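Shown next, in structure tokens, is the structure this report addresses.
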Amino acid sequence: MKFSHKLLLWTTIIIALTLGFSGYYFVNYVFETSLEREVGQALDENSILRFAFETAALNVPVKYDLLQDSSVEQIASNLETSGQGSGRLLRISDEQKQTIYASDGFDTDDELLGSVQENQYSYRVIWSNEHYYIQTGSSVNALGRTLYLETMRDVSQVFEERETGFMVYRRLMILMLILGIAIMYFIASQLTRPIRNLVRATKRMTFGEYSYRAKQVSNDELGRLTQDFNHMSEALEQTIERLEDEVQAREDFVGAFAHELKTPLTSIIGYADMLRSRKLDEEKSLLSANYIYTEGKRLETMSLRLLDIIVTKKEGAKLQKVPVASLFEYLRSMFLPNGNMEFVFEYDEGYVLADPSLIQTVLVNLLDNACKASEEGGRIEISGYSEEEGYRFTVRDYGIGIPEEELSKITQAFYMVDKSRSRSRNGAGLGLALCTEIIALHESRLEIESTLGEGTSVGFLLPEAGKEAAYEEIHS
């Protein structure tokens, strides 16, 4: 059963019980009030008749010491006649509670008469001749006799009014229930609308529509639940997109890796087969061996860089205080022997918090990429200077540059802007991928600016541990 139907059912039950009990109490209260009023009037009437009987008995001519039964009948008949039209019935009984006079229709047992005591009033409600009556009883003292006066007052109208009240209230209750059900159906539908929206959103997301969002129709708890559900959906969609991107990246990585392996292996196998199956002159043999050596070195470089990326992800960085001068001295020793480029080193002396071996790897890769992007004899600038946020390293070349649409892709593994140029210089598209991983371990990122045909600038920021005076050296 739907939640809205449950809400409607329980509300209907509660309304029905509330209306039923309240209606029964109200109608019954009115009935009991009316009945008490009728009882009071019946007792008052009995008292009046008693007084009238005693007064009439005093006016009877005294012929006997005791009031005769015939006189009792005459007085009772007169009292009954005087009350014609009032629905009054009466009965007079003697000392032995034997009937002396009874009105026509006074047909009941002697149960009440048996309980009447002297100077007391008694009453009861009885059903007789398809009517309800209030029967009253009292004792009468007249001329030395103790008689018993009983009256019957028709109160059927009070009971009929109660039945009419119950009937009217039942009809009114049914009408109110129908109206209440209609109103509660609308209210339940509105209250459960956010739940239906969430159910619809859940089903659509089950079938892969992760971008679908539940419509927020209120600002109450259910509205906040819908808002939280949408936030969860956004996080789920982003997670799924990230996982899909990772899967796609792995597929691209495997494809690129297989392609990168295929090209040098094809060259190595081909030239090796020539050396194995043919007798070549010395020049061709040296040329073939050189191709095999060059492609082997490219495979070695690619394998080492892949290993560096894997190890870097697993082991993390061990930060320590590193003098900037030692990093630049290391770069001098690595690249100054290469007389084909002009290197410019400019830096502020100081200390940074870094893993020295990993940062050296980053700087070497950035310089290596700058050399591959530059023509022979090109200028490459390596700078380091302090900023408010930390210490910034920058490597700039004036080479071929990178198209703007390629900037977001060059840090992907095996991605190369100019594949033929990179392969000719033993490139495999792993340098910037490795640098990105290392810099991320230092809670920083690579900042790349490039203009096609004018050159590229790559920089990153590290936490600074100290700062000293600056100087400049230019070597060629």
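The values are calculated or read from the model by the stated rules, or taken from the named source; none is laboratory data. Computed from a predicted structure; not experimentally measured. Virtual Cβ from ideal backbone geometry, glycine too; neighbours counted across all protein chains shown. Side chains are part of the model used for accessible areas, which takes the heavy atoms of the whole protein and leaves out ligands, DNA and RNA. Shrake-Rupley method; radii C 1.70, N 1.55, O 1.52, S 1.80 Å.
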- Message: Condition check: exposed (fewer than 12 other Cβ atoms within 10 Å of the Cβ), touching a residue at least 60 places away in the same chain (Cβ under 8 Å), touching a Gly at 6+ places or on another chain (Cβ under 6 Å) and farther than 30 Å from Arg162 by Cα. Does Leu58 satisfy that?
- Response: no
- Message: If Gln98 satisfies all but one of (1) over 27 Å from Ser156 (Cβ atoms); (2) open to solvent by 10 Å² or more (accessible area, probe 1.4 Å); (3) in contact (Cβ under 8 Å) with a residue 24 or more places away in the chain, what's the number of the condition it fails?
- Response: (3)
- Item | Qualifying residue in the range 462-470 (condition: modelled with pLDDT of 70 or more and surrounded by fewer than 19 Cβ atoms within 10 Å (Cβ to Cβ)) | yes
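For the range 236-249, indicate whether the set of residues that are at pLDDT below 80 and either touching a Cys at 6+ places or on another chain (Cβ under 6 Å) or surrounded by 12 or more Cβ atoms within 10 Å (Cβ to Cβ) (or both) is non-empty.
Of the range 236-249, the ones at pLDDT below 80 are 245-246, 248-249.
Within this subset, residues satisfying the condition of being either touching a Cys at 6+ places or on another chain (Cβ under 6 Å) or surrounded by 12 or more Cβ atoms within 10 Å (Cβ to Cβ) (or both) are 249.
The answer is yes, given that some residue of the range 236-249 is at pLDDT below 80 and either touching a Cys at 6+ places or on another chain (Cβ under 6 Å) or surrounded by 12 or more Cβ atoms within 10 Å (Cβ to Cβ) (or both).
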- Residue list for the range 179-219, restricted to those being assigned to a loop (DSSP other than H, G, I, E, B) and either open to solvent by less than 60 Å² (accessible area, probe 1.4 Å) or touching a Pro at 6+ places or on another chain (Cβ under 8 Å) (or both): Thr192, Gly208, Tyr212, Ala214, Gln216, Val217, Ser218
- Query: Which number in (1) open to solvent by 60 Å² or more (accessible area, probe 1.4 Å); (2) touching a residue at least 24 places away in the same chain (Cβ under 8 Å) marks the one condition that His231 misses?
  - Reply: (2)
- Hey, among Leu35, Leu66, Leu49, Leu43, which residue is on the phi < 0 side of the Ramachandran plot, touching a residue at least 40 places away in the same chain (Cβ under 8 Å), open to solvent by 40 Å² or more (accessible area, probe 1.4 Å) and part of a helix (DSSP H, G or I)? Leu43
- Task: Consider Ala16 carefully, then state whether it is at pLDDT below 90, open to solvent by less than 80 Å² (accessible area, probe 1.4 Å) and under 30 Å from Thr192 (Cα atoms).
- Result: yes
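Listed here are the residues, each with its yes/no results for (1) part of a helix (DSSP H, G or I); (2) open to solvent by less than 30 Å² (accessible area, probe 1.4 Å); (3) modelled with pLDDT of 85 or more; (4) small (Gly, Ala, Ser).
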site	(1), (2), (3), (4)
Thr301	yes, no, no, no
Leu304	yes, no, no, no
Leu307	yes, no, no, no
Val311	yes, no, no, no
Gly339	no, no, no, yes
Leu353	no, no, yes, no
- For the range 88-95, does any single residue satisfy the condition of being modelled with pLDDT under 85 and in contact with a helix residue (DSSP H, G or I) (Cβ under 9 Å, 6 or more places away or on another chain)? yes
- Tally time: how many residues in the range 83-95 are of a type outside the set (Gly, Ala, Ser) and either in contact with a Leu (Cβ under 7 Å, 6 or more places away or on another chain) or surrounded by fewer than 18 Cβ atoms within 10 Å (Cβ to Cβ) (or both)? 5
- Message: Need pairs with beta-carbon distance below 9 Å; first residue within 11 Å of Leu461 (Cβ to Cβ) and within the range 376-390, second at pLDDT below 90 and hydroxyl-bearing (Ser, Thr, Tyr); sequence gap 6+ or separate chains.
- Response: Gly390/Ser444
- Message: Among the residues in the range 430-444, are any within 48 Å of the chain's Cα centre (by Cα), charged (D, E, K, R) and modelled with pLDDT of 85 or more?
- Response: yes
- Residue within the range 157-174 that is β-branched (Val, Ile, Thr), surrounded by 15 or more Cβ atoms within 10 Å (Cβ to Cβ) and touching a strand residue (DSSP E or B) at 6+ places or on another chain (Cβ under 6 Å) present: no
- Of the numbered conditions (1) within 26 Å of Glu36 (Cα to Cα); (2) touching a residue at least 12 places away in the same chain (Cβ under 8 Å), Asp109 fails exactly one; give the number of that condition. (2)
- Query: Tally time: how many residues in the range 121-156 are over 27 Å from Leu66 (Cβ atoms), assigned to a strand (DSSP E or B) and either among the aliphatic types (A, V, I, L, M) or open to solvent by 50 Å² or more (accessible area, probe 1.4 Å) (or both)?
  - Reply: 10
